[in-house]
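For reference, the structure discussed in these notes is given below.
The values are calculated or read from the model by the stated rules, or taken from the named source; none is laboratory data. Please read these numbers as outputs of a predicted model, since none were measured by experiment. Positions of Cβ are backbone-derived with ideal geometry, glycine not excepted, and every protein chain shown enters the neighbour counts.
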Amino acid sequence: MSVTYARRLASEYAWNIVVDLCRDGCALGIGTGSTVKLFIDLSTKDPNRLKVLQRSCIVVSSVDTALALNKLGCRCVDSGIPLRNIDVYVDSCDEFDARVYMIKGGGGAMLREKVLASISKKRIYILDEDKVSERIGSKRPVPIEVVPYAYHLVSIELSSRGIEFTLRYSNTRYGPTLTDNGNLILDLKTGPLSDPEAFDQFLSAIPGVVVTGIFLRKHIDLVIVGYRDGNVKLFGSLR
């Protein structure tokens, strides 16, 4: 079976949970990326799923997600509104390990995704088996969002520590990728991270680094992994 099949399994499993938690509508956070797009698309296969979306107040992490939901007649609001809590947050990731750490930011929305995760009561992540590794950093670079003004300062600090990185460039327009917040993204080639929390603290302390793509246990409740053989494996739980 394909990777898409595995992602679909995880998304279907997540939908069963979301429908149960938000049957009458809720404050629902939704992230960014191709797996999240599949999750949204699957809402059209079941009227109960579509009702959940249309009855909920949805807070999104990116313009792309808002556009996809608007086509379904859903209400999307900006995360800047004074919401005290989001009931359920659904997202994916780029890499995950069994220690319950993950790398996000492939879609460039990691700052808003981390904001949404931090104010959500229940955080659900859906992914396929190819995104699972023994230690994060093994398969994917660690992205950081950087204020353009501080680009050279951050570059010098990373280089002085022997950390290789690349400035992310856009595939759709000339020049570097800019986040929805107007910032740059650097992709760090770290290799497997033995202590993601310490590395996250180091990066976050560099002036000009807005956020890292390292998501810690405090940002994660339940991870749903779909496998090509038809199995689904759960990491963590919903409190």
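Observations on the model:
- Flag if ARG173 is basic (Lys, Arg), more than 16 Å from the chain's Cα centre (by Cα), surrounded by fewer than 17 Cβ atoms within 10 Å (Cβ to Cβ) and not assigned by TED's automatic domain parsing to the domain that holds SER92: yes
- Selection within region 217-236 - surrounded by fewer than 17 Cβ atoms within 10 Å (Cβ to Cβ), on the phi < 0 side of the Ramachandran plot and within 18 Å of the chain's Cα centre (by Cα): ARG217, LYS218, LEU234
- Listed by first and then second residue, the pairs with beta-carbon distance under 9 Å, at least 6 apart or on different chains, first residue in region 217-239 and among the small types (Gly, Ala, Ser), second part of a loop (DSSP other than H, G, I, E, B), are GLY230/MET1; GLY236/VAL100; GLY236/ILE220; GLY236/ASP221; SER237/ASP221.
- The set of residues from region 4-21 being within 17 Å of LYS37 (Cβ to Cβ) and surrounded by fewer than 16 Cβ atoms within 10 Å (Cβ to Cβ) comprises THR4, TYR5.
- Residue within region 18-29 that is without any contact (Cβ under 8 Å) to a residue 60 or more places away in the chain, in a helix (DSSP H, G or I) and in contact with a Ser or Thr (Cβ under 9 Å, 6 or more places away or on another chain) present: no
- SER92 vs. criteria among the hydroxyl-bearing types (Ser, Thr, Tyr), in contact with a strand residue (DSSP E or B) (Cβ under 7 Å, 6 or more places away or on another chain) and outside the structural domain of THR190 (by TED's automatic domain parsing): yes
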